[in-house]
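The values are calculated or read from the model by the stated rules, or taken from the named source; none is laboratory data. Since the structure is predicted, the reported quantities are computational estimates derived from the model, not experimental observations. Here the Cβ positions follow ideal geometry from the backbone for every residue, glycine too, while neighbour counts run over all protein chains shown.
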Amino acid sequence: MFEMDRIDRRHRVVNQSATGCDPNTEVRQLREGKLRLLVLAQKCSLSVIPELNSEHNRNSRSQWILNMALSRLHVAVPLCFAALSAAVVIVGQTHATLPLLPAALGVCFLGGVALVWTDINSKAKGERRTSRSLLSQYLALKAVGWLGRRQRKKLEADTSNVKQVQEETLLKRLRKNSSTSYGKQYDFSSIRDSGDFRMRHPITTYEHYRELIRRIAAGEEKVIIAEKPLILAMTSGTSGPSAMLLSTKDTNNEFFLQGVAVCLDAMQRAFSATDNLQCTTKFFYTPTFVQSEAGIPIGSNSSTPASSRHMLHLYTTPAPAFEVPTEKDALYLHLLFALKDPSVGALESNFASTIFYAFNALQDRWQELVEDIEQGKVSGTLALKPKVRARLEALMEPDPGRAAQLRAHFQDGFRGIARQLWPHLHLVLAVDSGSNQIYGEMLRENYCEGVPFYSPFYAATEGLIGVNLWPQEPNRRYLLCPRSMFCEFIPESSLEEEAPHTLLMEEVKEGQNYEVIITNASGLFRYRIGDVVKVVGFHNQCPIVEFQYRRGQMLNVRGEKVSEALFLDALKKAVAQWPGAQLVDYCCAESGIMGDSIGGSDPHYQVFVELKGVRNLTEEQRYKLDICLQQDSAVYKSFRIKGSIGPMRVQLVAEGAFKELRKQMMAFSNTSPNTFKMHRVLRRREYANFLLGKTVS
């Protein structure tokens, strides 16, 4: 990473070089500097990409062009100075008759530094930032911005030639793994195109890989992939038991280049004030890893504090806080140091649910947090190691002025509280589609009212699937990434077939639903990920999709197949008819998994809801949900009329019941808070019985 002391050292080396050092040494150092810049760029995440102030969107096109030109100039001029400096040094090695070269070099260097520093000083910045951290963030933004433009240009070319790019992607995967046991079994080396591949290789599910991955975990090499996996990644288990998949270097590189870099470019195109140097509050936690027999880490493959250690200075949370093992205490520290800084520019997490639970905790503990800021301490209720507590408290100092501001905001209420606490907050960056849709809606309607949201990726443990190139649009649409995965599609009408015919990217139709089948860079071939998407359009030749539902999260007691999205729409309509009620969370269970705990009856849905504003519902109010679903689903209505499906049973659970359920689910599946997704349809009786025990009405 570029740091001020390293720049000083390079300056000294340049001057030495001008007076007779080996030119090969200088060239090598220049190359090392370029390499460090690229490494810094790859470690940069979207957390350093705040969204722009809305007033900039009203600028004229000419003003926008001028701003962009000036932005490029701020970077181009220092780079030109740097290039000239390097040329002067190299020429100076062979032309000793140029006595003014060292002076010219110094002028060039100082001019470049001055322009860069002027650009840095012109940007919005967080409080108490060091010169080192500002320069590091500035260089990271510029590097990733350049990468983003380059990758976006490549994506445009790829989406204009989808068939060829998909063939190249598939054959690259097969050639790389042709020497593995699995590659030899399916004769990857002789496969010439996707048609060959689809004829020879079956469509697979996790059971196809379970034993193969067990062998890899035990230390066997070249089983499915030619390389050793970085980690054995645990899925969230939303649609069933948690699965253990492979994560490789190629998967991570694809996510950064085709995902993070491209989404940065999409934000720069959509907004006009992305380029600032404010700090981000990123809600993420240190996961618990265990080791396989062969010493391969087993755990989450999402970004962690450890994997982001070179970027921690860009966040409001200090490094010692990431040594705190419990989510509850770590969340308190996230909130404490975020509240201390009124200049926070963005809130970030993998999923909207994590940010929603953070605001829940803030609402519960704001008085304790304000007291800590007022007195310059860290609450004694946190279970911290003495050394960690000492390091954290060294960063605290009494701030009664900020505490008074915060106290006044909290006493005014929590609607729109985010913008009250952080007036320069530009963005909430988190996935808010699928099972996180409800949390995104609640944040926008309550805590984060008026703050733009950006849901950048369509991704899973299996890797990057799509990117959202339209940040300002309310519907979350994702352009499939043709070089990230080879994709096939099963038409919705064929989902139950044993060996369904699949379509390729160039064969799908707009307006139709399909299950996604992927072949990725980490040992999954023709793999059913369980996601059903709708093709809503095309970008050049490439499909644009909206997530619809996960197959394992459908309600289906008589073949009616009610999706998560369909049920949630009906539930929101019903809640709107319950005076004073506000939906906090929900899930369902099919009566078949409940056993004798609910008594004998026709098959039906058991619905658990947590509400604010009401403590009880009449039977008539509960029945509204059944009516709303009948109105939205003709198939469900027909089964209800025939009596094949009984009426729903709606249970109100106690406040905080879903927080406790979340903890149980994470503990059972060994899932990190960074990757957890709430199960909307419960498949384990223990979870349903837990909520039955929390029922208050």
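Kindly indicate the residue of the range 630-655 that is assigned to a loop (DSSP other than H, G, I, E, B), out of contact with any Pro (no Cβ under 8 Å at 6 or more places or on another chain) and among the aliphatic types (A, V, I, L, M) and also farthest from SER697 (Cα to Cα) among those meeting that condition. Even if it seems obvious, please write down each step before you answer.
As a first pass, look at the range 630-655 and keep what is assigned to a loop (DSSP other than H, G, I, E, B): 633, 643-648, 654-655.
Now restrict to residues that are out of contact with any Pro (no Cβ under 8 Å at 6 or more places or on another chain): 633, 643, 647-648, 654-655.
Still in the running and among the aliphatic types (A, V, I, L, M): 648, 654.
Details: MET648: 14, ALA654: 9 Å.
Ranking the qualifying residues of the range 630-655, first place goes to MET648.
Being crowded, with 17+ Cβ neighbours inside 10 Å and in a helix (DSSP H, G or I): is that true of LYS624 here?
Considered against the rule, which asks whether it is crowded, with 17+ Cβ neighbours inside 10 Å and in a helix (DSSP H, G or I), LYS624 comes out as yes.
Going through the range 347-392 one residue at a time, which ones are among the hydroxyl-bearing types (Ser, Thr, Tyr) and assigned to a loop (DSSP other than H, G, I, E, B)? First the steps, then the outcome.
Our first condition is that a residue be among the hydroxyl-bearing types (Ser, Thr, Tyr); within the range 347-392, this holds for 349, 353-354, 357, 379, 381.
Correct list: SER379, THR381.
Could you list, in sequence order, all residues of the range 384-436 that are farther than 18 Å from HIS334 by Cβ and touching a strand residue (DSSP E or B) at 6+ places or on another chain (Cβ under 9 Å)?
Those that are farther than 18 Å from HIS334 by Cβ and touching a strand residue (DSSP E or B) at 6+ places or on another chain (Cβ under 9 Å): HIS426, VAL431, ASP432, SER433, GLY434, SER435, ASN436.
Consider the range 379-414. How many of its residues are under 17 Å from GLN367 (Cα atoms), free of Cβ contacts under 8 Å to residues at least 60 places away in the same chain and charged (D, E, K, R)?
Here the count works out to 3.
Given the options ALA667, ALA654, name the one that is small (Gly, Ala, Ser) and either at pLDDT below 90 or crowded, with 20+ Cβ neighbours inside 10 Å (or both). Spell out how you get there, then give the answer.
Values: ALA654 fails: either at pLDDT below 90 or crowded, with 20+ Cβ neighbours inside 10 Å (or both).
One residue alone meets the criteria, ALA667.
Testing SER236 on (1) within 23 Å of the chain's Cα centre (by Cα); (2) exposed (fewer than 14 other Cβ atoms within 10 Å of the Cβ); (3) of a type in the set (Ser, Thr, Tyr), one condition comes back false. Which one is that?
(2)
Quick one: is LEU464 under 18 Å from LEU335 (Cβ atoms), touching a residue at least 60 places away in the same chain (Cβ under 8 Å) and buried (at least 17 other Cβ atoms within 10 Å of the Cβ)?
Details: under 18 Å from LEU335 (Cβ atoms): no; touching a residue at least 60 places away in the same chain (Cβ under 8 Å): yes; buried (at least 17 other Cβ atoms within 10 Å of the Cβ): yes.
Against the criterion (under 18 Å from LEU335 (Cβ atoms), touching a residue at least 60 places away in the same chain (Cβ under 8 Å) and buried (at least 17 other Cβ atoms within 10 Å of the Cβ)), LEU464 does not qualify.
Where the second residue is surrounded by fewer than 17 Cβ atoms within 10 Å (Cβ to Cβ) and the first is of a type in the set (Val, Ile, Thr) and lies in the range 679-690, which pairs have Cβ atoms under 8 Å and are six or more apart or on separate chains?
Partner pairs satisfying both residue conditions: VAL681/GLY552.
Restricting the search to the range 453-473, which residues are assigned to a loop (DSSP other than H, G, I, E, B) and either of a type in the set (A, V, I, L, M, F, W, C) or touching a His at 6+ places or on another chain (Cβ under 7 Å) (or both)?
Once the filter is applied, which keeps residues that are assigned to a loop (DSSP other than H, G, I, E, B) and either of a type in the set (A, V, I, L, M, F, W, C) or touching a His at 6+ places or on another chain (Cβ under 7 Å) (or both), the range 453-473 yields LEU469, TRP470.
Can you name the condition, by its number, that CYS448 falls short on among (1) part of a loop (DSSP other than H, G, I, E, B); (2) assigned by TED's automatic domain parsing to the domain that holds ASP193; (3) crowded, with 21+ Cβ neighbours inside 10 Å?
Tallying (1) part of a loop (DSSP other than H, G, I, E, B); (2) assigned by TED's automatic domain parsing to the domain that holds ASP193; (3) crowded, with 21+ Cβ neighbours inside 10 Å, CYS448 fails exactly one: (2).
Hey, among the residues in the range 329-356 that are over 21 Å from the mean Cα position of the chain (by Cα) and closer than 17 Å to ARG419 by Cα, which one's surrounded by the fewest Cβ atoms within 10 Å (Cβ to Cβ)?
Ranking the qualifying residues of the range 329-356, first place goes to PRO342.
Out of all the residues in the range 532-555, is one or more buried (at least 23 other Cβ atoms within 10 Å of the Cβ) and assigned to a loop (DSSP other than H, G, I, E, B)?
No, there is no match, as no residue in the range 532-555 is buried (at least 23 other Cβ atoms within 10 Å of the Cβ) and assigned to a loop (DSSP other than H, G, I, E, B).
Is one or more of the residues making up the range 138-156 touching a Ser or Thr at 6+ places or on another chain (Cβ under 9 Å) and of a type in the set (Gly, Ala, Ser)?
Scanning the range 138-156, I find at least one residue that is touching a Ser or Thr at 6+ places or on another chain (Cβ under 9 Å) and of a type in the set (Gly, Ala, Ser), so the answer is yes.
For the range 181-202, give me each residue that is in contact (Cβ under 8 Å) with a residue 24 or more places away in the chain and touching an Asp or Glu at 6+ places or on another chain (Cβ under 8 Å).
Listed by number, the residues that qualify are ASP193, SER194, ARG198.
To keep it simple, each residue is scored yes or no on (1) out of contact with any Phe, Trp or Tyr (no Cβ under 6 Å at 6 or more places or on another chain); (2) buried (at least 21 other Cβ atoms within 10 Å of the Cβ).
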{"position": "ALA124", "(1), (2)": "yes, no"}
{"position": "SER133", "(1), (2)": "yes, no"}
{"position": "TYR138", "(1), (2)": "yes, yes"}
{"position": "LYS153", "(1), (2)": "yes, no"}
{"position": "ALA157", "(1), (2)": "yes, no"}
{"position": "SER160", "(1), (2)": "yes, no"}
{"position": "GLN166", "(1), (2)": "no, yes"}
{"position": "ARG173", "(1), (2)": "yes, yes"}
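Which members of the range 270-287 meet the condition of being hydroxyl-bearing (Ser, Thr, Tyr) and either within 19 Å of the chain's Cα centre (by Cα) or outside any loop (DSSP other than H, G, I, E, B) (or both)?
Within the range 270-287, THR274, THR280, THR281, TYR285, THR286 qualify.
Could you pull out the residue among ARG402, ARG483, ARG476 that is on the phi < 0 side of the Ramachandran plot and not in a loop (DSSP other than H, G, I, E, B)?
Sole residue among the options that is on the phi < 0 side of the Ramachandran plot and not in a loop (DSSP other than H, G, I, E, B): ARG402.
Looking at VAL653, VAL635, can you tell me which residue is among the aliphatic types (A, V, I, L, M), under 30 Å from LEU331 (Cα atoms) and touching an Asp or Glu at 6+ places or on another chain (Cβ under 6 Å)?
Matching residue, one of VAL653, VAL635: VAL653.
Look at THR204 and say whether it is surrounded by 14 or more Cβ atoms within 10 Å (Cβ to Cβ), assigned by TED's automatic domain parsing to the domain that holds GLU227 and farther than 18 Å from GLU221 by Cβ.
When the stated conditions are applied, THR204 passes them.
Quick one: how many residues across the range 673-697 are buried (at least 19 other Cβ atoms within 10 Å of the Cβ) and in a helix (DSSP H, G or I)?
Total satisfying the criteria: 3.
Check whether at least one residue in the range 509-521 is among the hydroxyl-bearing types (Ser, Thr, Tyr), assigned to a loop (DSSP other than H, G, I, E, B) and either without any contact (Cβ under 8 Å) to a residue 12 or more places away in the chain or not assigned by TED's automatic domain parsing to the domain that holds HIS679 (or both), and report yes or no.
no
Are any of the residues in the range 185-204 within 29 Å of the chain's Cα centre (by Cα) and either among the polar types (S, T, N, Q) or outside any helix (DSSP H, G or I) (or both)?
Yes; the residues of the range 185-204 include at least one that is within 29 Å of the chain's Cα centre (by Cα) and either among the polar types (S, T, N, Q) or outside any helix (DSSP H, G or I) (or both).
Quick one: which residue in LEU312, LEU347, LEU336 is touching an Asp or Glu at 6+ places or on another chain (Cβ under 9 Å) and more than 30 Å from GLY219 (Cβ to Cβ)?
That would be LEU336, the only listed residue that is touching an Asp or Glu at 6+ places or on another chain (Cβ under 9 Å) and more than 30 Å from GLY219 (Cβ to Cβ).
Criterion first (out of contact with any Ser or Thr (no Cβ under 9 Å at 6 or more places or on another chain), among the small types (Gly, Ala, Ser) and modelled with pLDDT of 95 or more) does GLY523 satisfy it?
When the stated conditions are applied, GLY523 does not pass them.
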